[in-house]
Structures are given as structure tokens and as C-alpha cells.
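J.: First the structure, then my questions, so here it is.
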Amino acid sequence: MSNLDAAVAIISIAQHASPIESGHIEELSAHRTKSSSFTIRILLRLESILLIYGVRSILLVVLHHFYPRMSIPSHNRRNKPTESVIDYTDMRTKVKRIAVLTSGGDAPGMNACVRAVVRDGLAAGLDVYGVRRGYAGLINNEFIEMDSRSVGGIIRQGGTILMTARAPEFCDEAGRHKAIENLAAWEIDGVVVIGGDGSLHGAVDLDAAGVKVIGVPASIDNDIGGTDMAIGVDTALNTILDAMDKIKDTATAHQRSFLIEVMGRRHGYLALNAGVAGGAEMIILPSQPIDLSAIEKEVNAAFKRGKPHFIVVVAEGAEIDGKTATYALADVIGKTEYGVRVTVLGHVQRGGSPSAYDRILGTRFGAAAVEMLLDGKTGLMTAMRGGEIVGIPISEAVSQPPRLHPDILRLAEPLSM
Ligand code: F6P
């Protein structure tokens, strides 16, 4: 045995031996030449002393200097991770089976996300289960094993192959209890919840109950805090723009006003961005005061300036006297000589093949969610920030108010002239 091999053998035994077993070290060291035996013995004695003071690593670095082929172990003497070191390799081996569900209002790109969770999960050696109909399926035990083929061809499909539901029963303690029991019975180590605000609140509850969960924001409303974008927003915006362009053709032909009501719940993201990108003459957002008398004057002034149409985009969350503002606005604009027509775009905005952006976003979010579960993380939501995917606490995301970009807000008026 060479000096070097002997040193490596001694170090490896020393790692596993308790201080009482140090006699074995001496037996082995008898095979070495006198000088190196003496040096190593001194160093190992020194190590025992240093170990007490928690500075063993210094000695290992010194040994490594003299014997470069020796590897410096990252674990302590009993081969357990030290408290300050998070052993992600170990955590990865603990996660064996994950589940994925889509919940709440569907959003184009959910399928891309499901596909990424399934295929990236399988590639990491996991069993992947799909839960049909969101939280309702968790309660009613609707688990299906997914394989690579089960998500074939879905990246271009709108809706969600797992189907979705609004599940009020999950808000009850009994419903949640049943869902958690089912997850335990299927031996699921972690769940990916793809959905909007309500679904992410459900994920917070699961996390609080001890279920490992990662949320993925998916809602055409883009009303989830902490992320620049949610899955489905881009496709919905493009659907609205397509409709707006078509409506503009007929509005121009007749020199008419049109009200186009868009979705978004209590948030004005779709209305603002579609209004700016589609060249609307007016945008009505939630929680902004609406001056009906000023609107009539503005419509008349615009046609007099030579505008061939007057397009108003109304957020469904904008209200007058507790009702969506659309019909009160129609009554006022209808009094002008240009007339008015109303188009409520409705659920058309939720369907359709996802845009390239939503396919990529869904894919990146899905893969990031799998990575987070493999790393032993829980209670996080995948978020897009400045082009990068990060994990933020779901509880933080659902408690932050969504915001409208001030630049776009500022531009809305001057660009409508
Ligand atoms: O949250 C997505 C969304 O499409 C909202 O924009 C809209 O207000 C709501 O869902 C409609 O919900 P439902 O499909 O249950 O009528």
C-alpha cells in the first residue's frame, strides 16, 4: 500500500470510527513508512482535538494540500449532514411520487404546464399522477397515473386535459380532510396546483396541513401578486385584440361607438392592456370614478376631430351602482348621434390554442415546480420576475394586490387621441 493509499484509507476509516475505535487506525498505519506515518498520526491526533472545537475542516484542507488525490468529505464524522448543510441530494431521493391538478377558471397554457410537470417529473424518475377536476377530484379520489403519452399533443390545446372545477367543498374542513386522506393513501409526496387566486388559497391550506405543495399561477385575469405574468394572460389578450380589430372594421364602416366588455374579475389588467394595444378611445377600469356626463361629451368631440369610430373597453369589474358599468355607459353613449353597440366577449377569452408565450411560460413554470418539489420545498409559487422564474411564498403572492404597470396606465390617455 502506498503512502497516499494508506492516508486515504486512514481518513476514510477515521470518518466512520468513533474516537474509541482509533486503535484500527494505528494498525493500518503500521504499513506506512515511518516519516509519513508520524506526520499523519500527528495530524489525526490534531484532528480529534480540532473536532471538539468544530474546526476539523481546517485539518482536512491541510491534509488535502499534502495528498491532493484525497477528497474532502462534506459530512461529519458519523456521515450525517451537518445542521448548516441542506442535503438536497438526500431530499431528492425522498420525493418519489407527485400529483398535478388544474383548478378554478381554465387558462390557455395550463396543458403546457401539465405536460412539463409530467414529462420533467418522469425524467427525474418520479411517478406522476394527474388529479381530475381540481380540488373536487382530490376530495372524490380522481387520481390517474400519467405517462409520457398521456400528455402527447396537448401543448397546443386550450382548456385543460385534467379538467377543472370550482370546488366550494374544499373550503370546508371536512372536504379538506378527505382530500388530504386521499393524498396520503396514494402516497403522494408533493402536489403541483395550477390555478388562479382561489386555487392558490387552497394550496396555502394544503401547505398548512403539512402537504408539500407548489403553486403555479394560471389565470387570464393576471390578478395574482408577485409575478409579472400568469399562464393564459397573453393568449386571452390576443383573443381580445383579434375581436377588437374585427369590431373596429364594422365600427369604422358605420362611424359607430362600441362598448367591448372584457373579463378580469376585479382587476383591470386585460382591459388596460387590450385597450392600449388595440387602440381604444376609452378604457374603463375597476375602482376608478366614472363621470357619465363627461363621457358623452368625449364621444361627440372625438367624432368631430375626425375619429371614424369610438371604441370603449370596459373591465367587467368596473361598476356603477353595484352593477357592471357596461349598460349604464351604453345608455349614455347611445344618446349621441353615432349610436352604440355592445359586445360582451365573455368566455371566448378563456379558450383557444395557447400563444407561444403561454406555451413557454407554462412549460417553464411546470418544470420549475417539479424542481422545487425535488428540492424538498413547499408553500412556494412559481413566479416570473424580469424574465426569470423564481419561487415566492404562495401566502405572500395571494396577499399582495395585483398592480397595473404605471407606464401603461400613463400612456392610455395620450395614445387614444
Ligand atoms: O378568473 C377567470 C375568469 O374568467 C374571470 O375573468 C371571470 O370573471 C370568471 O373567471 C368567470 O368564471 P366562470 O367561468 O365560473 O363563470
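Values in this text are rule-based calculations from the coordinates and carry no lab data. All values reported here derive from a predicted model rather than from experimental measurement. Cβ sites come from the backbone with ideal geometry, for glycine too, and all protein chains shown count toward neighbours.
J.: Rounded, prolate or oblate, given the Cα gyration tensor of segment 233-350, with a/c below 1.5 counting as rounded?
T.: Oblate, because a/c is 1.5 or more while a/b does not exceed b/c.
J.: Next question. What lysines does Lys212 reach when the alpha-carbon gap must be under 19 Å and sequence neighbours fewer than 8 apart in one chain are set aside?
T.: Those lysines meeting the cut-off are Lys94, Lys96, Lys178, Lys377.
J.: Could you list the GluC sites (Glu not before Pro) in segment 308-373 that lie in coil according to DSSP, counting only those with at most 15 other Cβ atoms within 10 Å of their Cβ?
T.: Glu337
J.: Pop a pseudo-label 7 angstrom from the Cα along the beta-carbon direction at both Ile360 and Asp321 and give the gap in nm to one decimal.
T.: Between Ile360 and Asp321, the simple spin-label model gives 4.8 nm.
J.: Give me the log10 of I(q) over I(0) for segment 118-181 at q = 0.13, 0.14, 0.17, 0.30 Å⁻¹, as the Debye formula computes it from C-alpha points; what are the numbers?
T.: Log10 of I(q)/I(0), two decimals: -0.42, -0.49, -0.67, -1.19.
J.: Starting from the amide H of Thr164, placed 1.01 Å from N in the peptide plane, find each other amide H under 5 Å away whose residue is 5 or more places distant or on another chain.
T.: Arg133
J.: Under a 5 Å amide H to amide H cut-off, with H placed in plane at 1.01 Å, what residues pair with Tyr129 once short-range neighbours are removed?
T.: Distant-sequence amide H within range of Tyr129: Ile98, Ala99, Val100, Met146.
J.: Under a crude label model (7 Å from the Cα following the beta-carbon direction), how far is Glu145 from Glu173 in nanometres?
T.: Using points 7 Å along Cα→Cβ, the separation is 3.7 nm.
J.: Can you work out ³J(HN,Hα) from phi for every residue in segment 169-186, in order, using Karplus 6.51 cos²θ - 1.76 cosθ + 1.60 and θ = phi - 60°, giving whole Hz and x for Gly and Pro?
T.: So the Karplus estimates, Gly and Pro as x, are 5, 6, 6, 8, 3, 5, x, 5, 4, 5, 4, 5, 4, 5, 4, 5, 5, 7 Hz.
J.: Mind running the shape call on segment 178-256? Use the C-alpha gyration tensor, a ≥ b ≥ c as the square roots of the eigenvalues: rounded below 1.5 for a/c, prolate if a/b tops b/c, oblate otherwise.
T.: prolate
J.: Residue by residue, what Karplus-based ³J(HN,Hα) values in Hz, rounded to whole numbers, does segment 406-417 have, using 6.51, -1.76 and 1.60 with θ = phi - 60° and x for Gly and Pro?
T.: x, 4, 6, 4, 5, 6, 3, 6, x, 6, 8, 5
J.: On to the next question. Quickly work out the Leu241-to-Val344 label distance, labels modelled 7 Å from Cα along the C-beta direction, and quote it in nm with one decimal.
T.: The two pseudo-label positions are separated by 2.7 nm.
J.: Compute the FRET efficiency between Thr250 and His405 as 1/(1 + (r/R0)^6), taking r as their Cβ-Cβ distance and R0 = 30 Å, and round to the nearest 0.05.
T.: 0.45
J.: Rounded to whole Hz and in sequence order, give me ³J(HN,Hα) for segment 107-124 from the Karplus expression 6.51 cos²θ - 1.76 cosθ + 1.60, θ = phi - 60°, writing x for Gly and Pro.
T.: 8, x, x, 4, 5, 4, 5, 4, 4, 5, 4, 5, 6, 5, x, 4, 4, 8
J.: Subtracting the Cα-Cα distance from 0.36 nm times the residue separation, let me have the gained length for Ala277 to Lys335 in nm, one decimal.
T.: Using 0.36 nm per residue and subtracting the Cα-Cα distance, I get 18.1 nm.
J.: Starting from 0.36 nm per residue, how many nanometres of slack lie between Ala124 and Ala185 once their C-alpha separation is accounted for?
T.: So the chain would gain 19.7 nm between Ala124 and Ala185.
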